[in-house]
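What follows is a single structure, written as structure tokens, with notes after it.
Only the coordinates and a few stated rules stand behind these numbers; no lab work does. Quick caveat: nothing in here was measured; it's all calculated off a predicted structure. Here the Cβ positions follow ideal geometry from the backbone for every residue, glycine too, while neighbour counts run over all protein chains shown.
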């Protein structure tokens, strides 16, 4: 009888040790899970921050494109006016020469 009590005691001790080991592993997993959740939360916050930054840069880029388009349009208008002004003196010279030839 004492032998069976001893075996029963050893079995209970092994079970308790196994339980303690499993509890330790579960605690490690729970800690890892909490850490992972915290990392996911941080990653989401970073993503939102980066999305806002991208949106801001997109708005600035669109503004820059509009400014360049307006500037290019103004430059083309100026260039066209300059070509007209540069052509007028040569036309006037040709016109004056032909007028003097007819007089």
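If N is the number of residues in the stretch 1-73, what value comes out of its Cα radius of gyration divided by 2.2 N^0.38 Å?
2.78
Could you work out how far apart the two model spin labels at residue 4 and residue 88 are, taking each label as a point 7 Å from the Cα in the direction of the beta carbon, and quote it in nm?
Each label point is offset 7 Å from its Cα along the Cβ direction, giving 12.5 nm.
Measure nothing but the geometry: give the 0 to 90° angle between the long axis through the Cα atoms of 2-102 and the longest principal axis through the Cα atoms of the chain, rounded to 10°.
Tilt of helix 2-102: around 0 degrees.
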